[in-house]
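Inspection log for the structure reproduced underneath, given as structure tokens.
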Amino acid sequence: MVFEKVQNIIVDILAVDEEEITMDSSLESDLEADSLDIVEIITAVEDEFQIEIPDEDLQKMAKVSDLVEYIESK
């Protein structure tokens, strides 16, 4: 469920196909997100899941799985 919501957010922001997004997808290299895209994704995730992701934790989020696991831990 968390993965699907994160996947939908990424589809909306990056305009990529849903099938391109897996748990192992790298936001930058696989999905070609730049720093502004990543900020948009994080902001949308924070709004959707009612959480706040501190800047020091953002640097650890290279893959979709990192983001999903962080959300599930909150």
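Each reported figure results from applying straightforward, stated rules to the coordinates on display, with no laboratory input. Everything numeric here is computed off the predicted structure, so don't read it as measured data. Cβ: placed from backbone, ideal geometry, glycine included. Neighbour counts: every protein chain shown.
Straight-line cross-link partners of Lys60 among the aspartates and glutamates, defined as a Cα under 12 Å from its Cα and at least 8 positions apart when in the same chain: Glu69. Each Lys and Arg adds +1 at its Cβ and each Asp and Glu adds -1 at its Cβ; summed about the Cα centre, the chain shows a dipole of about 220 debye.
For the chain, adding -39500 (n - 2.57) for each run of n ≥ 4 DSSP H residues and dividing by the number of residues yields -17000 deg cm²/dmol at 222 nm. As a proxy for reagent exposure, ranking Ile51, Ile10 by other Cβ atoms within 10 Å from fewest up yields Ile51, Ile10. The lysines within cross-link reach of Lys5, meaning a Cα-to-Cα straight distance under 18 Å and a gap of 8 or more places when in the same chain, are Lys63, Lys74. For the chain, a Gaussian network of Cα nodes joined below 10 Å ranks Glu18, Glu56, Glu28 by mean-square fluctuation, and the top entry is Glu56.
With an a/c value under 1.5 for the gyration tensor axes a ≥ b ≥ c computed over the alpha-carbon atoms, the chain is described as rounded. The slack between Met23 and Glu52, meaning 0.36 nm per residue of separation minus the straight C-alpha distance, is 8.3 nm.
Look at Leu58, Leu67, Leu36, Leu31 and count the other Cβ atoms within 10 Å of each Cβ; fewest to most, that gives Leu36, Leu58, Leu31, Leu67.
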